[in-house]
Each structure stands twice: as C-alpha cells, then as structure tokens.
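Here's the structure we're looking at; comments come further down.
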Amino acid sequence: MEKRWRVNACQSVNAMINFVSNNAQTGVFSVFGMRTVYWDFEKQEVCMIDQRRLPAALEVISLRTCQAVSEAIKNMTVRGAPAIGAAAAFGLALAVRESKFGETASCYSDLQAAAAVLKAARPTAINLAWAVDRMLKVIGGQLEGRTLEELQAVALSEAQRIADEDVEINQRMAQHGAALIEDGDTIIHHCNTGALAAVDWGTALGVIRTAFGQGKRVHVLVDETRPRLQGARLTAWELQQYGIPYEIITDSMAGHFLSRGEVQKVLFGADRIAANGDVANKIGTYMLALAAKDNGIPVYAVAPTSSIDLSLADGRLIPIEERDPEEVLGIRFHGEPIAPQGAKARNPGFDVTPNRLITAIVTENGIVYPSFEENLRKTLKR
Ligand code: MRU
C-alpha cells in the first residue's frame with residue numbers, strides 16, 4: 001500500500017517546485033526542499049519524510065489510508081508534536097474519502113472512529129488530539145446539505161490550513177525566541193525539535209536556526225537522546241544541513257558541561273504543557289533542566305500554544321507514553337547486544353519538568369515568564 005522513494009538533491013528541488021505550485025503554501029524553508037508532512041494534490045495522498053531512515057537516507061513515503069497514517073505516527077515514521085498533529089489532520093482527510101457510507105451524516109461516525117484510533121497512536125503530545133478535534137469540529141459543522149465530495153474538500157482544506165499555520169507559527173516563535181540568544185552562546189538542545197519535528201522550520205531548533213540566520217555565532221551541544229537517538233540522528237543531521245556548528249554529547253554528559261561554565265542556555269520543545277507550566281517533553285528533559293537549574297543556566301521550552309493544555313492543572317496529570325522496551329535493549333555495541341539475553345527494561349517516552357525549573361516558555365504569541373499559571377492563560381487569550 002505504501003510507496004517510498006529516496007530523495008536526491010535534484011528530486012528535492014523538483015519536489016519543492018511541484019509543491020509550491022500545487023499548493024500555494026506559505027513557504028518551504030527546509031534545506032531538504034520539502035515539508036516533513038505534506039499533501040500531494042496530484043496523487044491525492046499524504047507524504048512524509050521517513051524519520052526512521054535518517055540520517056542514512058532521506059526517503060519519503062506516501063500513504064493512502066487513515067489507518068496507515070495512524071501506524072506511521074505510532075511507529076515514528078513521523079514524529080514530533082506538531083508534525084504528528086498535521087499528519088493526523090491529513091489522515092482524517094483520507095478517512096472522509098474512505099468512509100463506507102455514501103452520505104455525510106453517517107460518514108461522521110466513521111470519522112469519529114478514525115479520530116479515536118489516531119488519538120490513541122501517541123497519547124502524550126496534545127497537538128495530536130488538538131488537530132484531530134479541530135478537524136472533527138470543522139467537518140461536523142459542515143455536514144448539512146453537503147455531498148461527500150464537498151466534505152472531502154472541506155476536510156482537506158482544513159488539514160492544509162493546520163499545516164500552513166504550523167509553519168507560520170514556528171516562524172513567529174523563532175523570532176521571539178531568537179531575541180533570547182546572544183552572540184557566542186553554547187546551547188544544549190534535547191531531542192529533535194527542528195523542521196523534522198514540525199511541518200517545517202521547528203520549535204527550539206527553529207529558534208537556534210533563526211538566531212544563526214541573524215548572524216549570531218552559536219554552538220549546539222546535541223543531546224543524543226536515548227533511546228531513539230533523535231538528537232544524534234535527526235538534530236545532528238539537520239544542523240549539518242544548516243551549517244550550524246555542533247557536537248553530539250551523550251545525555252549523561254550535560255551536567256558536566258553545565259557545571260564547567262561551558263553552556264549559556266538550555267533549549268527544548270514540549271509535547272504538552274499543563275496549566276501551571278509543567279512541561280512534558282522527551283525523556284531526559286527533567287534531568288537536564290535539574291542540572292541547568294543547579295548551575296544557574298536558563299532553561300527555555302519552545303512550543304506553540306496548541307501544546308498548552310489548560311484542562312490539566314499540573315504535569316502529574318499528563319499521560320506518559322510507555323514504549324516497547326526493545327527500543328532500550330535493541331541497540332548493539334560493536335555488533336553485540338548491549339544487555340544480557342532476557343534482560344528487562346522500562347521505556348517511558350517522556351518526562352515532566354516542573355515549572356520551577358523553567359525560566360520561560362516561548363510561544364508564537366510571545367515569551368511567557370512565571371507565574372505560568374496566570375501568564376499562560378493570558379497568552380492563550382491573545
Ligand atoms: O518521541 P518524539 O520524537 O515524537 O518526541 C519529540 C519531542 O519530545 C519533542 O521535543 C517535542 O515533540 C517538541 S518539539 C516539536
């Protein structure tokens with residue numbers, strides 16, 4: 001069902017031209033010439049960079065069913081909070097086309113079932129549920145007097161709007177955040193928050209990219225981010241494309257560099273932010289923020305307002321995804337398994353950094369400082 005192709009430099013330019021002319025997009029910023037997730041208007045399918053293959057190969061896959069999109073989110077073909085939100089939105093556009101019912105009212109029950117499967121694919125990042133609910137609301141509001149074909153157009157244009165807005169929001173966040181970066185800063189960055197984690201440009205890495213584009217000299221210490229190695233595989237690959245100087249460190253080295261005065265800032269993204277400013281993000285973020293706080297180094301979370309979940313009073317209520325222990329145990333060292341046969345492992349995908357360790361949260365509406373309880377609400381109203 002799935003189609004796959006490798007992108008070389010020439011194809012990448014063609015993809016961009018095809019893409020811009022077909023879609024009247026707000027823009028393509030990735031040096032790899034395409035968005036991380038996009039709709040192919042000619043073939044009527046959703047395309048995404050296969051992030052499991054990077055950095056070995058830049059491959060794009062195209063999917064024609066909502067079920068296939070759910071699986072791609074679950075198995076992390078596509079990953080990063082904003083990217084999975086956009087992918088899910090396109091997934092629901094596919095679900096309208098797939099509906100077994102010939103009329104719109106019954107189609108909606110199919111959509112609700114598809115929405116539940118999408119949401120369950122990854123429970124921590126609120127952007128996924130946010131995008132799915134937004135799609136359901138828009139489609140649900142247009143059911144009266146529409147043909148199924150018209151409803152498909154409604155769904156697709158809303159999904160495209162979510163994707164386009166994401167790019168524009170990342171750009172705005174990056175402008176706000178770049179003001180925090182000073183010439184000569186060394187920054188520890190956790191996980192991957194670049195163009196690959198969003199539709200384009202990125203959140204925390206987008207801030208670094210914009211600061212670098214403004215002529216500030218920055219150096220990035222890239223947490224490798226065990227166990228899926230999003231830092232070593234994806235962030236390092238992106239930084240290489242952008243020409244930004246970096247070095248990979250193991251997650252356990254961060255405290256050392258922070259205590260030696262070698263680091264001026266810590267930046268990461270967020271998968272969900274509770275009403276009190278507690279931040280759920282990739283596993284390892286909490287320990288990094290603790291070490292930064294102990295050494296008086298500012299810690300910035302960069303996330304769109306769609307990552308803020310005011311329905312949860314604090315971070316203890318955020319559902320944490322537990323993934324397959326094989327992700328921890330399956331790594332090989334010098335060709336040999338890293339653990340004895342039969343070893344067990346734990347594998348929570350995220351942790352919660354309490355608000356007291358966060359200096360500020362950068363959103364598209366501006367930089368939010370404590371008290372987060374009060375100021376996050378104000379930011380959302382803006
Ligand atoms: O498991 P992943 O790779 O989807 O986790 C991604 C992160 O934790 C990012 O830091 C987060 O989504 C915010 S950045 C867009």
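Data table
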read-out	value
Residue within the range 26-35 that is surrounded by fewer than 18 Cβ atoms within 10 Å (Cβ to Cβ), of a type in the set (D, E, K, R), at pLDDT 60 or above and part of a loop (DSSP other than H, G, I, E, B) present	no
Boolean, ARG172 is under 27 Å from ASN365 (Cα atoms), open to solvent by less than 30 Å² (accessible area, probe 1.4 Å) and of a type in the set (D, E, K, R)	no
Selection status of ASP251, farther than 23 Å from THR363 by Cβ, touching a Gly at 6+ places or on another chain (Cβ under 8 Å) and acidic (Asp, Glu)	yes
Selection from the range 276-317 of residues that are farther than 15 Å from THR353 by Cβ and part of a loop (DSSP other than H, G, I, E, B)	ASN295, GLY296, PRO304, LEU310, SER311, ALA313
The range 289-313 residues that are within 27 Å of SER259 (Cβ to Cβ), paired with ones that are aromatic (Phe, Trp, Tyr) and within 12 Å of the ligand (Cβ to nearest atom) (beta carbon under 7 Å, 6 or more apart)	ALA301/PHE268
The range 175-214: number of residues that are within 9 Å of the ligand (Cβ to nearest atom) and surrounded by fewer than 22 Cβ atoms within 10 Å (Cβ to Cβ)	0
The range 215-236: number of residues that are within 9 Å of the ligand (Cβ to nearest atom) and not in a loop (DSSP other than H, G, I, E, B)	2
Residue in the range 338-349 that is assigned by TED's automatic domain parsing to the domain that holds ASN276 and crowded, with 18+ Cβ neighbours inside 10 Å present	yes
Cβ-Cβ under 9 Å pairs, at least 6 apart or on other chains, the range 168-184 side within 19 Å of ALA198 (Cβ to Cβ) and assigned to a helix (DSSP H, G or I), far side open to solvent by less than 30 Å² (accessible area, probe 1.4 Å) and at pLDDT below 95	GLU168/GLY27; GLN171/GLY27
Which numbered condition CYS66 fails, given (1) under 24 Å from GLU165 (Cβ atoms); (2) more than 16 Å from the ligand (Cβ to nearest atom); (3) at pLDDT 95 or above; (4) surrounded by fewer than 24 Cβ atoms within 10 Å (Cβ to Cβ)	(4)
First in the range 371-382 and assigned by TED's automatic domain parsing to the domain that holds ALA303, second anywhere and part of a loop (DSSP other than H, G, I, E, B) and of a type in the set (Phe, Trp, Tyr), Cβ under 8 Å, 6 or more apart	ASN375/TYR369
Qualifying residue in the range 116-134 (condition: within 19 Å of SER62 (Cα to Cα) and open to solvent by less than 50 Å² (accessible area, probe 1.4 Å))	yes
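The values are calculated or read from the model by the stated rules, or taken from the named source; none is laboratory data. In this text, all values refer to a predicted model and were calculated from it rather than measured experimentally. As a convention, Cβ positions derive from the backbone with ideal geometry for all residues, glycine included, and neighbour counts pool all protein chains shown. Please note that ligands, DNA and RNA were not included when accessible areas were found on the heavy atoms of the full protein model with its side chains. Shrake-Rupley method; radii C 1.70, N 1.55, O 1.52, S 1.80 Å.
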